[in-house]
Amino acid sequence: MRIFSLYLYEQKFIMARPKTLRKVVKPPGFKGYKPYGHQHAQTKCVELLYEEYEAIKLADYDLMTHQQASEVMGISRATFARIYERARRKMAEALVEVKEIKAVYGHALLDKSWLICHNCNARFTIPETIRNRNCPVCKSFNVEALK
Amino acid sequence: MPLKIAVASGKGGTGKTTVSVNLQYFISKSLTDEVLLVDCDVEEPNDRIFFPDSKTTSTLEVTHAIPEIDRNKCLFCRKCVDYCEFNAIVVIPPAHFAEINASLCHSCGACSVACREGAIREKPHPLGKITTVNTGIGEGIVEGRLEVGSAMQTLMIKELKKNVSKHHRDADSDEIILFDAPPGTSCPVVETIADVDYVILVAEPTPFGLNDMTLMVELLVEMGKPFGVVINKAGLGNKEIYSFLKEQEIELLGEIPFNKEYAGKYAEGKLLQNIDPHARRCYSDIVTSIERRLLQDEGINYFKW
Amino acid sequence: MKTLITSTTSTPEGPFDKRFGRAAWFCVLDEKTGESTFIKNENAEGQSGIGTKTAEKVVELGVGKVISGDFGPKAKKLLDKFGVQMVIINEDLKVIDIINRIKG
C-alpha cells in the first residue's frame, strides 16, 4: 500500500496528468479588450483562456447552473467551478489594475474545431488523440481558432 | 399502351413546367380526358403549385435498400469493397472498421452477393415520396419528391415511373402520360426519357438556350428518340435557333411569344386562369402538331381535322 | 508518428499536391527517423468516393497526421473519427519544403 502510494506520488511528481480538454461551443468573438482613458497605459495584460471565456458565458450570460455548464463543457462540476473562479479573478484583475485582456487558446476542444497558425498559415485540426496544442507543421504556439 | 411524352430542355428556366401544365390542360380539352401529368423534377416538383384547389389523393413513401455491415460477422476480407462500383464501402482491417456510406450507395446489391459471411444485410432507407394529386384536369398529377439531401435523383425517378406504369398499364387505353423532366442532360433526364415515345424540347431563342438545346438534340439523336421543338419566349434573343432547326431538319411544333403579362401570371401561379386567346392559339397549334406527328409515327394518316 | 503529405511526383523535390484524394503520390514521413517513402495513389483516377478511399488508406497505413490542400466532407468525417490530424496548407510548396518545416 505504501509502495503504491509512493508510486502515485512519484507519478504525480514527474508529470502532471494531462488536462482533459474542455469543450467550447464557440470561441470568443474578439481577440482582446484594451482599457482607454487611463494616463499611464499598462503594457501588461491578462490572458483569458477560451475555456474561461466559455465558463463566464455559460454561467453569467446563459445563466446556467454550474452543474449544467460543466456538462456542456464535458468536465466535472468542481473543475468547472475552478475555471469559472479563475476567469472571474482574471477579469477583476484586468479591471482593477487597468490591464488589457487577451483571448488565448488554452485547453479548449472546439466543436468542429479548425485552427490557424499565424506563423506558417497552416490550418489544422487537433483530434483528441493528439496532446500537442501547437502547430503541427512549424511547432509555433501562435495559433488561434478559426470562426 | 398509353402514349408517353416527355417535356424536356437542356437549359433550366425555358418553360418545361409552363408547357407541361398547359399541354395537359389543352389535351384534356381538345383530345382526351385521360391525360396524366408526371412531375419528374424530383428535387423540386412544382407542377402542383398551379392548381391551388388540388387535393392529394394518395401518398406513398418510397425507400431504397441500403446495406449494413455487421461487424461481428465481418471478416474484413474487403471482397465487398472490390465489388462496389461507387466506392461506398469503407473497410479498415487493422481498425476492425467496416461501414457503408449511404450517400454514395446506389442500392445495386452487389455487396450482398459478394459477402459469403452473411455480414451484409439490407435495410430500407427513406428515398422520397410519390404523391397523387387530383387537380380536376385530366387524370391529375403524380409527383415524386426526393428526400432532402439525397443524391439519388435517378433512382427516385425510376421508382416514380414504376409506380405510374403499375397504375396505367392498360394495353387498350388511349391515355396520354406527360412527363415533366428535370433540366439538363444528365442521368435523371436520360432516365425520364428512356421509355417515352416522343420528346418535346422546350427551347428559348437565346445563345444559351441554343447551346443547351444542341446538347439535348445530340442526346436524343443518340438515344434514337423522335422529338420536336417548342420555342418559348419567342421574340427574345436572336434568330439563330431557327436556322439551326432548319439546318438539322428538326420539326418546330410551335412558338409561344414572350409576354410580360404572361410571365407575371406564371409568377402568381395563375397559369390556367383566363388564358388569353393568343396563348390559347399557340397551345392548340402545338397540340395539333403533336397529334399529327404521332399519327404519322403510327402510320395512320387519317384524322378528324 | 507518421505524417502523410500529398504529392504530385514521387520525389521530395516535386511540388506538393493540394488535392487529397486525387493526389498522384503520397509521401509518408516518419517524424522520428526523418525517413520518407513514396506510395503511388491507385485511386487517383477513380469516379467517386475517392476521398473516403484515401482516408481508408491513411488509417490503414497508421498515419497520424495528413497534410494536403483541402479535404472533402466525407474524408473529413472519416479522418476525424479515427483521430487523424488534418493540416491544410494553401501555399505552392515543394514536398521537401514541408518536410523541412516539420523538421524545423
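Looking only at region C:2-103, where both bridge partners belong to it, what percent of the DSSP beta bridges are antiparallel (to the nearest 5)?
Counting only bridges with both partners in region C:2-103, antiparallel ones make up about 65 percent.
Near the amide H of B:VAL230, under 5 Å away, which other amide H atoms are found, from residues 5 or more places off or on another chain, if H is placed in the peptide plane?
The list, which skips near neighbours in sequence, is B:LEU201, B:VAL202, B:ALA203, B:LEU253.
Rg and Dmax of region B:204-263, using alpha carbons, in Å: what are they?
Values for region B:204-263 (Cα only, Rg and Dmax): 11.9, 38 Å.
Quick one: Cα centre-to-centre distance for region C:22-45 and region B:1-34, in angstrom?
Spelled out, the Cα-based centre of one part sits 56 Å from the other.
What does the charge dipole of chain C about its Cα centre add up to, to the nearest 20 debye, if the Cβ of each Lys and Arg holds +1 and the Cβ of each Asp and Glu holds -1?
320 debye
Run down the lysines and flag those whose C-alpha is under 29 Å from the C-alpha of B:LYS260, throwing out any fewer than 8 positions away in its chain.
B:LYS11, B:LYS16, B:LYS29, B:LYS233, B:LYS239, B:LYS246, B:LYS270
Among B:ILE200, B:ILE92, B:ILE241, whose mean-square fluctuation peaks in a Gaussian network model of chain B (Cα, cutoff 10 Å)?
B:ILE92
Looking only at Cβ-Cβ distances, which cysteines of the protein assembly as shown have no other cysteine closer than 4.7 Å?
Flagged as lacking a Cys partner: A:CYS45, B:CYS40, B:CYS74, B:CYS77, B:CYS84, B:CYS105, B:CYS108, B:CYS115, B:CYS187, B:CYS282, C:CYS27.
Given the rule -39500 (n - 2.57) for each run of at least 4 DSSP H residues, summed and divided by the residues of chain B, what is its mean residue ellipticity at 222 nm, to the nearest 500 deg cm²/dmol?
Value at 222 nm, helices only, nearest 500: -10000 deg cm²/dmol.
Rounded to the nearest 20 debye, what is the charge dipole size of region B:64-125 about its Cα centre when +1 sits on each Lys and Arg Cβ and -1 on each Asp and Glu Cβ?
So the dipole magnitude of region B:64-125 works out to roughly 160 debye.
Express the Stokes-Einstein translational diffusion coefficient of region B:1-108 in µm² s⁻¹, to the nearest whole number, given a Kirkwood radius over alpha-carbon pairs, 4 °C and a viscosity of 1.567 mPa s.
Estimated diffusion coefficient is 70 µm²/s.
Add +1 for every Lys or Arg and -1 for every Asp or Glu among the other residues with Cβ under 10 Å from the Cβ of B:THR135, and state the total.
Summing Lys and Arg as +1 and Asp and Glu as -1 gives -1.
Looking only at chain B, where both bridge partners belong to it, what percent of the DSSP beta bridges are antiparallel (to the nearest 5)?
45 percent
Please report, for the Cα atoms of region B:80-178, the Rg to one decimal and the Dmax as a whole number; what are they, in angstrom?
When restricted to Cα atoms, region B:80-178 yields Rg and Dmax of 18.8, 62 Å.
Of the lysine pairs in chain C, how many meet both conditions: Cα atoms under 13 Å apart, and a spacing of 8 or more in sequence or different chains?
Summing the qualifying lysine pairs gives 11.
Give, as a single signed number, the net charge of other residues whose beta carbon lies under 15 Å from the beta carbon of B:ASN72, with Lys and Arg counted +1 and Asp and Glu -1.
-1
Could you check how many percent of all C-alpha pairs in chain C are farther apart than 15 Å?
56 percent
Remind me, what semi-axes does the protein assembly as shown give for its equivalent ellipsoid, largest first in whole Å, using sqrt of 5 times each Cα gyration tensor eigenvalue?
61, 30, 25
Suppose only helical runs count, i.e. DSSP H with n ≥ 4. What mean residue ellipticity at 222 nm does that imply for chain C under -39500 (n - 2.57) per run, divided by all residues and rounded to the nearest 500 deg cm²/dmol?
The per-residue figure over chain C is -8500 deg cm²/dmol.
What does DSSP give for the protein assembly as shown in terms of the percent of beta bridges that are antiparallel, rounded to the nearest 5?
50 percent
Mind checking which of C:VAL66, C:VAL87, C:VAL28 has the largest fluctuation in a GNM of chain C, springs on alpha carbons under 10 Å?
C:VAL87
log₁₀ I(q)/I(0) of region C:51-104 at q = 0.30 Å⁻¹, via Debye over equal Cα point scatterers, no solvent, to two decimals?
Result of the Debye calculation: -1.18.
Each value in this text was obtained by applying a stated rule to the coordinates, not by laboratory testing. All of these numbers come straight from a predicted model, not from anything done at the bench. All Cβ positions, even for glycine, are placed from backbone atoms using ideal geometry, and neighbour counts span all protein chains on display.
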